[in-house]
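Only one structure is covered here, and it is reproduced in the block below.
The values are calculated or read from the model by the stated rules, or taken from the named source; none is laboratory data. Because the structure is predicted, anything quoted here is derived from the model rather than measured. Don't worry about glycine lacking a Cβ; one is built from the backbone with ideal geometry, like all the others, and counts go over all protein chains shown. The area values use the complete protein model at the heavy-atom level, side chains included, leaving out ligands, DNA and RNA. Shrake-Rupley method; radii C 1.70, N 1.55, O 1.52, S 1.80 Å.
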Amino acid sequence: MKVYRKHLTAVLLAIISIAVLAGCNSDDGKASGKSDPLKVHIALNGKMGPLVIAKEKGLFNEEFSKLDAQIEWSEFQSGPPLLESLASNRVDLSFLGDGALIAGIDKNLPFEVIAQTGRGESSVRILAQAEGNIKQIEDLKGKTVGVASGTTGHVYLIKALKAHGLTTDDIKLINLQPDDAQAAFETKKLDAWAIWNPYYLNNIEKGNAVALKVKGKILAPGAIIARKGFAEEHPEIVEAYLKVYKKAADWQIENPDEASEIYSKETKLPVSTVKTIITAEKPNIFFTEDAIKAQQESIDTLAGVGYIKKSFNFKNQINNEYIFEAFKK
């Protein structure tokens, strides 16, 4: 029995020693102030835009290293699947086209509108087969039209049809993500396609598509967004993100040739095609009245056709706090 007790005592002392040493090591870690860097989930929405420049040139490194933060990148073809990841806390910062933006607000998804990406004057068109018999918007009646549901292309299509006295009920609408729609359009399974750059200009330059003229001017402004919970907890990260986004946008404006080379590698498109796209309209993260007005028109139009539950005031959805703090004098 005495041997047993001595053995048990020795075991207990060994366990206590290990616990004490572990506690010391833990305290040493806390004392040194070392902790794992904050993981920031940033989503690329397509293969072009200032975020691609920022990623390629490592522009986030300096700003984020000051804040002990690291980026985890993800990439999406369009806004709707990005929204799904954002809703499940797998995206913290990104940007959206007007279709996904409006749908997300309508569904009360947890994000804030913190800046814009630009006016969107040159970004979306409706393509028809170059050798087909569709020459104007009215000719789309009864035809098969591809679009990624809930995207900026979808909003553009609805607004363009409305301007010419038609609705989506007058066409055969096929929901396709861009890469799938590209294949369907090339094999002539689609009569027309509502799509954004770089897809639309690339198809026109290849000679297999024509862009249909639309009455008036349809703007398709995008927005920079932040997940609410993340932004409330880490406002300094959101401000740093905006600074880097603008730095990348300004660099693109000042270096169109090098920027075109970067985008060409990402998209596999000719450098000349890319340069035409990025010089057609300058990115601008500060809200403009015409872009806000265009968003409101899109909201009212989508509510009118029943795509969203009801209209809402877009200005009330904008949180200028982060952009003011990031760029205050």
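Side notes on the structure shown:
- With the Kirkwood sum run over all distinct C-alpha pairs, the range 207-300 has a hydrodynamic radius of 16.2 Å.
- Take the Cα of Glu232, step 7 Å toward its Cβ, do the same at Ala87, and the gap between the two points is 1.9 nm.
- Across the range 46-158, C-alpha contacts under 8 Å between residues 6 or more apart give a mean separation that, scaled by the residue count, equals a relative contact order of 29 percent.
- For the Cα trace of the range 55-201, dividing Rg by the Kirkwood Rh returns an Rg/Rh value of 1.05.
- Column: log10 I(q)/I(0), Debye, Cα scatterers of the chain, q = 0.12 Å⁻¹: -0.83
- Rg/Rh ratio calculated on Cα atoms of the range 46-93 (Kirkwood radius): 1.00
- Rounded FRET efficiency, nearest 0.05, which uses the C-beta distance separating Glu62 from Asp36 and R0 of 22 Å: 0.65
- Where only alpha carbons of the range 150-217 are counted, the Rg and the Dmax (Å): 11.9, 31
- Phi to ³J(HN,Hα) by Karplus 6.51 cos²θ - 1.76 cosθ + 1.60 over the range 273-287, Hz, x for Gly, Pro: 5, 4, 5, 4, 5, 7, 9, 6, 7, 7, x, 8, 8, 8, 4
- Backbone phi angles across the range 111-127, fed through the Karplus curve with coefficients 6.51, -1.76 and 1.60 (θ = phi - 60°), yield HN-Hα couplings of 9, 10, 8, 10, 5, 10, 9, x, 6, x, 6, 10, 8, 10, 8, 9, 9 Hz in residue order; Gly and Pro are listed as x.
- The spread of Cα positions in the range 53-142, taken along each principal axis and listed from longest to shortest, comes to 58, 33, 21 Å.
- Pairwise FRET efficiency - Glu75 versus Glu131, Cβ, R0 = 45 Å, nearest 0.05: 0.85
- Sum of side-chain charges, Lys162 neighbourhood, beta-carbon under 13 Å (Lys, Arg +1; Asp, Glu -1): -3
- Stokes-Einstein diffusion coefficient of the range 192-251, Kirkwood radius over Cα pairs, 37 °C, 0.692 mPa s, in µm²/s: 216 µm²/s
- Sequence-ordered 3J(HN,Hα) estimates for the range 223-239 from the Karplus curve with 6.51, -1.76 and 1.60 and θ = phi - 60° stand at 9, 8, 10, 9, 5, 4, x, 5, 5, 5, 7, 9, x, 5, 5, 4, 5 Hz, glycine and proline given as x.
- Quotient of the Cα radius of gyration of the range 216-257 and 2.2 N^0.38 Å, N being its number of residues: 1.57.
- Across the chain, C-alpha contacts under 8 Å between residues 6 or more apart give a mean separation that, scaled by the residue count, equals a relative contact order of 24 percent.
- Among the listed pairs Lys243/Lys275; Lys213/Lys309; Lys143/Lys310; Lys159/Lys310; Lys55/Lys206, those whose Cα-Cα separation exceeds 22 Å are Lys243/Lys275; Lys213/Lys309; Lys143/Lys310; Lys55/Lys206.
- The accessible surface of the range 215-309, taken with every protein chain in place and a 1.4 Å probe, is 49 percent carbon and sulfur.
- Relative contact order (percent, whole number), the range 241-329, Cα cutoff 8 Å, 6+ residue spacing: 26 percent
- Report note on the peptides 107-120, 143-156, 280-293: ranked by the mean count of other C-beta atoms within 10 Å, highest first, their order is 143-156, 107-120, 280-293.
- Looking at the chain, the accessible area is 51 square angstrom per residue; that uses a 1.4 Å probe and ignores ligands, DNA and RNA.
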